[in-house]
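Have a look at the structure below before the remarks.
The values are calculated or read from the model by the stated rules, or taken from the named source; none is laboratory data. As the structure is a computational prediction, the values presented were derived from the model and not from experiment. Counting neighbours? That spans all protein chains shown, and the Cβs are built from the backbone with ideal geometry, glycine included. Accessible surface areas use protein heavy atoms only, side chains included; no ligands, DNA or RNA. Shrake-Rupley method; radii C 1.70, N 1.55, O 1.52, S 1.80 Å.
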Amino acid sequence: MENSEPIVSDTQTVDSVRYHKLLSVLDRSLSAVVDTFKLDDLRIVFPDLAREIPGKLADSHEQISSYIRNSANSDFQAILMQYEMSDKLASLDTLVKEAAERMLASEERPIPSLSPESINRNRSAAIKRAELTRLKAQLELVKDENAQHLAELSKQRATLRAEHERLEKTISLVDSVSWRNGHGYNSQSDRY
């Protein structure tokens, strides 16, 4: 079972601690999986072959184990290359190192931790300010509509007053003409 090749070839050199740890974890995981495939279990499944040709069964076991290891190893290499893990983890190592150096040099102060209450308070204050702005705009619209309605109401009142005055003048004129012509109301019976 120790007949395994490393997940990354010798031609590929990467100076990333995280990448080497990832490769180590992948290799240990692969070994754990391959090690669960034991020759004794194969002998139990195929007892006739184990009695008749034990050497060939052992060779078959070794070939199957090697195939599983090599196939999984190739799949791991393809995945690592597809997602450019060596470059990404090397960049992450660099970022972590630079951040640690900046922290030691005290060039930047760490962001103070915020409590959930203060975060919610800040969010709710922003939401309330936005709602206040929206309500003020709506209030201005209502004020403008009210001013238009008041102007129309004043105009209608002025028109009604003018009509009322014209009607009173007309009634007064009709009354005065009626009195002049001698058709005034002399009694109650004249009215009906």
(Q) What are the equivalent ellipsoid semi-axes of region 46-175, built from the alpha-carbon gyration tensor (square roots of five times its eigenvalues), in whole angstrom, biggest first? (A) 92, 31, 14
Q: Name the lysines eligible as straight-distance cross-link partners of Lys143: C-alpha to C-alpha under 23 Å, and not fewer than 8 places from it in the same chain.
A: Lys128, Lys155
Q. What whole-number value in Å² describes the accessible area per residue of region 26-115 for a 1.4 Å probe?
A. 76
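Counting heavy atoms of the protein chains only and a 1.4 Å probe, report the per residue accessible area for region 124-174 as a whole number of Å².
Values: 4790 Å² over 51 residues.
Ligands and nucleic acids excluded, the figure is 94 Å² per residue.
Whenever you get a sec, compute what percent of the accessible area on region 37-124 sits on carbon and sulfur atoms (1.4 Å probe). Mind dumping the intermediate values first?
Details: 4080 of 7000 Å².
Carbon with sulfur: 58 percent of the solvent-accessible area.
Just to verify a number: FRET efficiency for Glu52 and Ile79, C-beta to C-beta distance, R0 = 41 Å, to 0.05?
Working: r = 41 Å, r/R0 = 1.00.
Computed FRET efficiency for Glu52 and Ile79: 0.50.
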Q) Under a point spin-label approximation (7 Å from Cα along Cα-to-Cβ), what is the Asp144-Ala100 distance to one decimal in nm? A) 6.2
